[in-house]
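Read the structure below first, then the notes.
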Amino acid sequence: MNLDNVKGTRDIAGEDAVLRRRVIETLQRVYEKYGFQPFFTPVLENAEVLKTKISDEMLGLIYEFEDKAERKIGLRYDLTIGLARFAASNQTPMPFKRYQIDRAWRYESPQAGRYREFWQADIDILGVESAKADAECLACVSEALESIGIKNFKIRVNSRKLLDEVAKSAGLQEREKGKAFQIIDKMDKIGKREVEKQLQAALGKEKAGKFLASLTGKSEKSGKTKRSTDDLDDLRKYASMYGISGKIEQDAMLVRGLAYYTGLIFEIVFDGKGKEGKRQSIAGGGRYDDIIEKLSGKKIAATGISIGLDRVCEILKGKGREGKERGEGESRAEGEGSYGASKSITKYYLIPISEEQRGYAIDVLKDLRKKGFNADIALLDRGPGKSLEYASKLGIPFTILIGKEEQKQKKVKVKDMRTGEENLVSVKDLK
């Protein structure tokens, strides 16, 4: 029997799981503070729904199959399509603000920080046409990232309407435009020279040169519609009100790969150097005002942004390693951005020296849990030495040893597993 993970998937356990849970809890707290409601959709969608207004490239990434009734279904490739289907088939009060933190699947080549099964943390606002909604989303995600300890980032913005005008001025047909956008979207991965090469192969040398010149603003004919310019100006205006305008920079080369984007588009990049020495994209999104209409005929404006949870957790894990190398240790308390500082969610691990002390140990355990502490107790009869070793491997910060003397005095011996310091204390003094 092959027990290997399916290619592009992985198990998340131990300190990685603890880190991820803490990140998710913080994101949920910030999202809800901004009025976004929790939301859940099925993993499986009808294939017809999944294929609504997406590029040929994305079509090839869908996990699609037939069920036992020969219905064509697939795994969701993001969390937006389920939301769009829900809005298309339900009467929902507008604006509708939702968040969803969950998994999606794409059949692409696995690489560092990129998997076929991946986690996203989305927020969306439906029913608002103005850039007020876009600014609200960006302000929320900015605070969320800062709350988990990622502060060094920029928000790249552009407009698909502006890009469409640029493509039109360069004489690109609809199919050529889609191909050109797909190539431009790979700029950070393959570099400018390779982008130019691929554009020339797809469009021809003359048309590719004209398109690039228009895109970078070197041509007087670079098309910029008034609406597109107004959208970007409005976004800057509202972003300034939220105090995040310093994070925003317009980038003419920002495209975003999904074909359903219709207006403003955003990408958040972490300015720290990754393994490959490049800026890392950690979130992205934009306006998709047409997709709900494509599904049902109902015109509902929509915008949103998604944090790539896997990438964010890798960055935080790296920051934790760097902190340890600098000797920063675990000085910050849980909840203050000390992500990755502790391997375990358990604060206290109780070790009764013998079965005679188990009843008293369980009384202490119940008291700790009643006070809100995460506490566990040794369940195997293997002696205090093995139990201490076990607690150390799990990264539990404190152990409580309970022997005859401790029980007699109605106290406990607390050992700080990080420093080795031991103290005899009353149960009521545990904190």
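The values are calculated or read from the model by the stated rules, or taken from the named source; none is laboratory data. Since the structure is predicted, the reported quantities are computational estimates derived from the model, not experimental observations. As a convention, Cβ positions derive from the backbone with ideal geometry for all residues, glycine included, and neighbour counts pool all protein chains shown.
See the values below:
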{"quantity": "Residues within the stretch 154-186 that are in a helix (DSSP H, G or I) and hydroxyl-bearing (Ser, Thr, Tyr), tallied", "calculated": "1"}
{"quantity": "Scope the stretch 9-37; condition in a loop (DSSP other than H, G, I, E, B) and either more than 17 Å from residue 313 (Cβ to Cβ) or without any contact (Cβ under 8 Å) to a residue 12 or more places away in the chain (or both); matching residues", "calculated": "11, 12, 13, 34, 35, 36"}
{"quantity": "Inter-residue pairs, beta-carbon under 6 Å, first farther than 16 Å from residue 344 by Cβ and in the stretch 367-387, second aliphatic (A, V, I, L, M) and part of a helix (DSSP H, G or I), 6+ apart", "calculated": "367/427"}
{"quantity": "Hits in the stretch 29-63 (condition: in contact with a helix residue (DSSP H, G or I) (Cβ under 8 Å, 6 or more places away or on another chain), surrounded by 15 or more Cβ atoms within 10 Å (Cβ to Cβ) and under 18 Å from residue 85 (Cβ atoms))", "calculated": "39, 41, 45, 49, 50, 51, 52, 53, 62"}
{"quantity": "Selection count where residues are free of Cβ contacts under 8 Å to residues at least 60 places away in the same chain and either β-branched (Val, Ile, Thr) or closer than 17 Å to residue 255 by Cα (or both), scope the stretch 132-163", "calculated": "0"}
{"quantity": "Options 108, 129, 136, 146; residue that is at pLDDT 95 or above, outside any strand (DSSP E or B) and in contact with a strand residue (DSSP E or B) (Cβ under 8 Å, 6 or more places away or on another chain)", "calculated": "136"}
{"quantity": "So residue 243, is it closer than 30 Å to residue 132 by Cα, surrounded by fewer than 19 Cβ atoms within 10 Å (Cβ to Cβ), at pLDDT 85 or above and not aromatic (Phe, Trp, Tyr)", "calculated": "yes"}
{"quantity": "Condition check for residue 70: part of a helix (DSSP H, G or I) and not β-branched (Val, Ile, Thr)", "calculated": "no"}
{"quantity": "Residue tally, condition surrounded by 16 or more Cβ atoms within 10 Å (Cβ to Cβ), in a helix (DSSP H, G or I) and touching a residue at least 24 places away in the same chain (Cβ under 8 Å), over the stretch 350-360", "calculated": "2"}
{"quantity": "Filter result for residue 86 (touching a strand residue (DSSP E or B) at 6+ places or on another chain (Cβ under 7 Å), in the same structural domain as residue 149 (by TED's automatic domain parsing), surrounded by 13 or more Cβ atoms within 10 Å (Cβ to Cβ) and farther than 30 Å from residue 109 by Cβ)", "calculated": "no"}
{"quantity": "Matching residues in the stretch 328-379 - criterion: being within 19 Å of residue 21 (Cα to Cα), of a type in the set (D, E, K, R) and modelled with pLDDT of 95 or more", "calculated": "347, 376"}
{"quantity": "Residue in the stretch 308-327 that is farther than 26 Å from residue 375 by Cα, at pLDDT 85 or above and not in a helix (DSSP H, G or I) present", "calculated": "yes"}
{"quantity": "Checking residue 102 against (1) more than 24 Å from residue 248 (Cα to Cα); (2) without any contact (Cβ under 8 Å) to a residue 12 or more places away in the chain; (3) of a type outside the set (A, V, I, L, M), the condition it does not meet", "calculated": "(2)"}
{"quantity": "Residue within the stretch 371-387 that is more than 30 Å from residue 150 (Cβ to Cβ), under 40 Å from the mean Cα position of the chain (by Cα), of a type in the set (Phe, Trp, Tyr) and outside the structural domain of residue 317 (by TED's automatic domain parsing) present", "calculated": "no"}
{"quantity": "Selected residue (only one of 112, 133, 121, 170 is hydrophobic (A, V, I, L, M, F, W, C), on the phi < 0 side of the Ramachandran plot, surrounded by fewer than 17 Cβ atoms within 10 Å (Cβ to Cβ) and in the same structural domain as residue 196 (by TED's automatic domain parsing))", "calculated": "112"}
{"quantity": "Residue within the stretch 251-269 that is over 26 Å from residue 126 (Cβ atoms) and either at pLDDT 95 or above or among the β-branched types (Val, Ile, Thr) (or both) present", "calculated": "yes"}
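Yes/no per residue for (1) among the aromatic types (Phe, Trp, Tyr); (2) out of contact with any Pro (no Cβ under 6 Å at 6 or more places or on another chain); (3) within 24 Å of residue 286 (Cα to Cα); (4) assigned by TED's automatic domain parsing to the domain that holds residue 259:
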position	(1), (2), (3), (4)
153	yes, yes, yes, yes
158	no, yes, yes, yes
162	no, yes, yes, yes
165	no, yes, yes, yes
175	no, yes, yes, yes
188	no, yes, yes, yes
191	no, yes, yes, yes
196	no, yes, no, yes
205	no, yes, no, yes
